[in-house]
Structure formats: structure tokens, C-alpha cells
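Heads up, the thing below is written out as C-alpha cells.
The values are calculated or read from the model by the stated rules, or taken from the named source; none is laboratory data. Keep in mind that what you see is a predicted model, and the values were worked out from it rather than measured. As a convention, Cβ positions derive from the backbone with ideal geometry for all residues, glycine included, and neighbour counts pool all protein chains shown. These area figures cover heavy atoms from the full protein model, side chains too; ligands, DNA and RNA do not enter into them. Shrake-Rupley method; radii C 1.70, N 1.55, O 1.52, S 1.80 Å.
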Amino acid sequence: YLKGVYDYRTYTNEGTHNSIDLFTQAIELDSNYAKAYAFLANSYVGLATIFGAELSALDALQKGKPFLDKALELDPELDEAQMLMGFYKLYHDWDLKAAEEWYERAITSNHPDALAVFADYLNFVRKHERAMTIAERLNELDPYYPNSRMVFSYIYNNRFAEALAFSESRLKMFNNYGTLDAHGFLLLNMKRYMEAISYFQKAIDLEGIRYPRMLAWMGSAYAKSGDHKKAQEIIDELKSRLGKKEEASISFFVAVIYSALGDKPSAVRWLQAAHSNHDMEMPWLMTEPQFYNLHSDPAFQEIARQLGFM
């Protein structure tokens, strides 16, 4: 079980697959071990996340759900299972109220993963001050947690100098997807576009996987820097992958680049496709900075209403 947790927290596709094998072994040793069922469910979900980029959101969540249900059957108060049920309610059902209720239950024990995903949720619903409080709580309780939420919470609270100092300190400790992802996102939103691109490329080079999220933010940096040709090349690359399988929120990320280019009609059209595809990243809708210019658009507002944000 502990080896599985470690592998999962490498935030790599390989680590996620290794963790599935290890949690399965743990269950073979003890079929009543609720924690192993919960994290096995979590690992299946990981195959659809930004660092997994292998399954669609619905496929991954449905693969994990039986193990989640088993964990809650064995231990209804298990924080890992409560956390994942909140995650399921958010990403599968798009039920913000139910997700928040499950997350609130999960964080009472200060489980680090529960605190991390709750900070994400609070940022999604634009409760940025409380998200900062939760991120700080996580950082105080587990300063070496490998996917800190401090950088994102600093950004959403407009504390960019503190975000930069914290992010640079984390880079000295961790060279993983989460740290490179957060630092690139910070630089993108500080308008340091070429530096941002270099960190997105480092995240891609780490495993040799052209992650759609990294490509989207890289394309956005090119768009904002005026290199529309390279931005369009990344859009074309993402579109070429869409017909193969509905994974990794490709429609959502195409919309990100179109919005950065200022092409609002195309951005909204691709967001509508992302909504139809049930893309994993849809809860980011209101807090993806590249979409801020769409917030007054009636079609965008309709998507936000359908997700429960308005």
C-alpha cells in the first residue's frame, strides 16, 4: 500500500500504472483493506488526469467507482474514500454542492490528498481566500508533499511575488510534473512567455509525453507572445489526436489556445465540444485565465450554468 502511494505521488503515467499493480497486490493480501481499495480507485482516476492523459474522464471514473464503493462499504469514515467520492461527484456528476460536502468530511483528518483536491475545488468555485487557507494548512502539515497547491492559490489571490519565491524553492526539491506545471503556469500568468514555454517543455521531456495541458499552455504562451504560427501548429497537433480517443481533455485545451489567440467564437465552440465530451478539465472553466475574456459571452455563460457555476 505504501509503495503504491509513493508511486502514485510521482505524478507520472508509469507511476500510476505501478500503483494500480501494488494496490491490487495489497487487496490480494487483505481483501478487507479499505485504504487499498480507495487508492486503487484513485489510481484508475489518475489515468485521466493531466499527468495520466490516457483515459477519458468517464471511463476512468467508472473503472474506479466499484473500488471506491467497496472502500466506503468497508469503512464509511475513511478519509481517502470520502475524498474520492467528492472527486467523483465533482468530475463525474458535476455536482458542486455534493462534492463540497464530501470534501468537507474528508479534510477533518487532514489527509494531504484531501486537502489538495479541496484547495482545487475552492479555486474552481472562486473561493480563493479559503483555498489559500487550505493550501497553507497542507503545506504546514506536510511541507514535502510533492504536489503543493500553494503556487496556484498564490496566483488566484494575486500574490505573484510570493508565488514565484515559493515555486522557485519547490523546484530545488522536486523535479516532477506538478512542480514544472505550476511554475510554467505562474510564468505564463506573469507574462514571462518564453520562460514559461521552457518549463512546459521540461514537463514534456520528463517522460517524453506531449501532455495536452502542457501543449495548451505552451500554445497560449506562443499566442500571447505574438507567435500565432506556433500556436496554430499546437492546435493542429491537438486536433489530430482528437479522432483517436477522447482522452486528456483535448477539446478543452484547444479552446484554451483559441481564447489566448483572441478567437472567441472558436474557443466557445470547442468548449461546447468539451462539455459534450465530458472533458476532465471542465471544472477549471471559471478559473482558467485564458477564458477570462469569455466570461461575458452568453454561450460561455450557458456552459457555466450547466456545470453549476452560475
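Multiply the residue gap between residue 299 and residue 104 by 0.36 nm, knock off their C-alpha separation, and tell me the result in nm, one decimal place. It would help to have the intermediate numbers written out before the result.
Values: separation 195, 0.36 × 195 = 70.20 nm, distance 3.20 nm.
Between residue 299 and residue 104, full extension yields 67.0 nm more.
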**Q.** Per-residue ³J(HN,Hα) for the stretch 157-163, Karplus 6.51 cos²θ - 1.76 cosθ + 1.60, θ = phi - 60°, Hz, x for Gly and Pro
**A.** 9, 6, 10, 5, 5, 5, 4
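Might you tell me the accessible area per residue for the chain, computed with a 1.4 Å probe and given in Å²? Walk me through the intermediate numbers first.
Values: 12500 Å² over 310 residues.
With all protein chains present, the chain gives 40 Å² per residue.
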(Q) As an exercise, use a Förster radius of 41 Å and the Cβ-Cβ distance of residue 24 and residue 136 to find the FRET efficiency, rounded to the nearest 0.05. (A) 0.70
(Q) Using a Debye calculation, one point per C-alpha and no hydration shell, please list log10 I(q)/I(0) for the chain at q = 0.06, 0.09, 0.15 Å⁻¹ in order. (A) -0.18, -0.42, -1.26
Q) Can you work out the FRET efficiency for the pair residue 165 and residue 31, with r the C-beta to C-beta distance and R0 = 45 Å, to the nearest 0.05? A) 0.40
Q. Alpha carbon centre of the stretch 142-197 versus the stretch 26-93: separation in Å?
A. 28
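Quick check on packing: order 293-300, 260-267 by the mean number of other C-beta atoms within 10 Å, highest mean leading.
Values: 293-300: 14.8, 260-267: 17.8.
Ranking the peptides 293-300, 260-267 by packing returns 260-267, 293-300.
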Q. Applying the Karplus parametrisation 6.51 cos²θ - 1.76 cosθ + 1.60 with θ = phi - 60° to the phi angles of the stretch 132-139, what ³J(HN,Hα) value in whole Hz is obtained for each residue in order, glycine and proline being reported as x?
A. 5, 4, 5, 4, 5, 4, 4, 5
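At a 1.4 Å probe radius, carbon and sulfur cover how many percent of the accessible area of the stretch 179-310?
Details: 2480 of 4980 Å².
Percent of accessible area from carbon and sulfur atoms in the stretch 179-310: 50.
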Q | Estimated vicinal HN-Hα couplings, Hz - the stretch 31-41 in sequence order (Karplus 6.51, -1.76, 1.60; Gly, Pro = x) | A | 6, 10, 8, 4, 4, 5, 4, 4, 6, 5, 4
**Q.** Value of relative contact order over the chain, rounded to a whole percent, pairs C-alpha under 8 Å and six or more apart
**A.** 14
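Once fully extended, how much extra length lies between residue 158 and residue 240, figured as 0.36 nm per residue of separation less the alpha-carbon to alpha-carbon distance?
On the way: separation 82, 0.36 × 82 = 29.52 nm, distance 3.60 nm.
Length gained between residue 158 and residue 240: 25.9 nm.
For residue 198 and residue 6, compute 0.36 nm times the residue count separating them, minus their Cα-Cα distance, and round to one decimal in nm.
Details: separation 192, 0.36 × 192 = 69.12 nm, distance 2.75 nm.
Computed gain between residue 198 and residue 6 is 66.4 nm.
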(Q) With the crude spin-label approximation of a point 7 Å out along Cα→Cβ, what separation in nm comes out for residue 273 versus residue 205? (A) 3.1
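Note down the relative contact order for the stretch 58-145 as a percent, whole number, built from C-alpha pairs under 8 angstrom at least six residues apart. Walk me through the numbers on the way to the answer.
Numbers: 89 pairs, mean separation 18.2, N = 88.
Contact order relative to length: 21 percent.
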